[in-house]
Amino acid sequence: MRTPPRLNRREWLGATAGALSLAAGGNARQASGTDAKRPRVAAVITEFTHRSHAHVILENFLEPYYFNGKLTESGVDVVSLYVDQFPSDRDMTRDVAKQYGIQIFPTIAESLRLGGQELAVDGVLSIGEHGHYPRTDRGVIMYPRKRFFDEIVSVFRQSGRVVPLFNDKHLSYRWDWAEEMVRVAREMKIPFMAGSSVPLAQRRPALEMPNQAVIEEAISIHSGPPEVYDFHGLEVLQSIVESRRGGETGVSEIQLLEGEAVWQAAADGRWSYALAEAAMRAEAGKSVGRLQDFIEPADGKQHPVHAILIKYRDGLRATVLRIGNVSTRWCFACRLAGQPEPLATSFCVGPWENRNLFKALSHAMQTHIRDKQAPYPVERTLLVTGMLAAAMDSRFEQHKLVPTPHLNITYQPRDFRAMREMGASWKIITEEMPQPTGINPGGPR
């Protein structure tokens, strides 16, 4: 298949001059200044195409969206865009900018300053997912999240003030850069939020971890590709186990296994096969049979498996298991001390595959911007970033066990239930409703 041509910045911005001119006027609310209290937001993104993260996040900023069954307005205005890449046949940037009166700028600094000399926005979204970027020797996509962060922070420094910043997914493909990002945010007192959409999804069956629970072992299951979906599986795991008695203590070692070695590790007692069965049963509502023989119903095939084995510093054992081949499987199970039966749930993404996951995440991002405080600790995503990097090292280095003394990350969790979708929205947006194109987070109303 021929790769569609991609315009360079000079070519694209030249072709977009008309849209830039129109957008400079702003939309009626922005231009009139009648709603001056609404925070103004800059979006710094890698690529703006259909079903990209930029699309499925920003549509919930530009139009009302359903959250817990209520049509919800963002309460903020997206006023500027910086876009790193423009696939010529699929790009949505110019059309969306024209429709919503958003200014498009050729640099990150200008997008935050709105063409002036000082920081002129009240919040920044850094959406560094999708686009054509090289890979490391470990096969990890080198998304420019650290570059985005550095250029955003440079404007903060020059302007002498900071605003809330959101970083989509994990912080960087390099652990040292991720650690630096969090350290700089702390030093500059930047309200910093990061992470995945999946922990905010509806839990079916409903599951709330008992207060001060002692978790002995836990498992998270997904069915996507290595690294990009391992991140989500790790953050699903972390978003629950962080609430155990004592809070988060950090991780001491990681190992990634593939193929038959996964099942041998279960037979050796290194991870709980029974917990995996419970997690899969929570999704399917029934037993799926022997996991070694699991055939993905979506395509009738058996797919490669891998497992990330995690040992926490306080002794907790956990596993992220990849089994099957669908993009919407997110399951969790754990065993509590003194309880014979495991707790298990699946994370329901709603209709339209994973698109609706981003409604709850967008709501959390908007709350972060308005409150100037992340609804859950960025340390969660920092720890997951480090676990993911160690897992990729293990995979690259013949599945060796990787000690992680640098992941001595401790933090106390926050109650983020107010940010989670509890399921009422899926009584309004149903599986029978066709998925809309363009900027339309709610479908026909």
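Key figures
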quantity	calculated
Student exercise, the chain dipole from Lys, Arg, Asp, Glu Cβ charges, in Debye to nearest 20	700 debye
GNM flexibility winner over the chain from LEU291, LEU257, LEU275 (Cα, springs under 10 Å)	LEU291
Exposure proxy ranking, count of Cβ atoms within 10 Å, fewest first, for ARG313, ARG245	ARG245, ARG313
Using distinct alpha-carbon pairs, which all enter the 1/r mean, Kirkwood radius of the stretch 169-223 in Å	14.7 Å
Listed residues ALA298, ALA391, ALA267, most fluctuating in the chain (Gaussian network, C-alpha, under 10 Å)	ALA298
Over the chain: helical MRE at 222 nm, DSSP H runs n ≥ 4 each giving -39500 (n - 2.57), nearest 500	-9500 deg cm²/dmol
Packing-based exposure ordering (other Cβ within 10 Å, fewest first) of VAL83, VAL96	VAL96, VAL83
Orientation-averaged projected area, Cα convex hull of the stretch 110-249 (nm²)	11.0 nm²
Added length on full extension, which subtracts the Cα-Cα distance from 0.36 nm per residue, ILE295 to VAL228	21.9 nm
13 Å cut-off, amide nitrogen to a point 7 angstrom out along THR430 Cα→Cβ, residues in the stretch 270-291	none
Test item: Cα-centred dipole of the stretch 168-253, Lys/Arg +1 and Asp/Glu -1 on Cβ, debye	340 debye
D (Stokes-Einstein, µm²/s), Kirkwood Cα radius, the chain, 1.567 mPa s at 4 °C	57 µm²/s
The stretch 290-445 shape via C-alpha gyration tensor axes, a/c threshold 1.5	oblate
Residue order, fewest to most beta carbons within 10 Å, for THR328, THR107	THR107, THR328
Against the rule of thumb 2.2 N^0.38 Å, how large the Cα Rg of the stretch 84-187 comes out	1.16
Choice from GLU248, GLU260, GLU47 showing the highest fluctuation, given a GNM over the chain with Cα pairs closer than 10 Å	GLU260
Taking the chain and dividing mean pair separation by its residue count, relative contact order in percent (alpha carbons under 8 Å, at least six apart)	20 percent
Eligible lysines near LYS286 by straight Cα distance, threshold 20 Å, same-chain separation 8 or greater	LYS301
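Bear in mind that the values in this text are calculations on the coordinates, not laboratory data. Everything numeric in this text was worked out from a predicted model, so none of it was measured. All Cβ positions, even for glycine, are placed from backbone atoms using ideal geometry, and neighbour counts span all protein chains on display.
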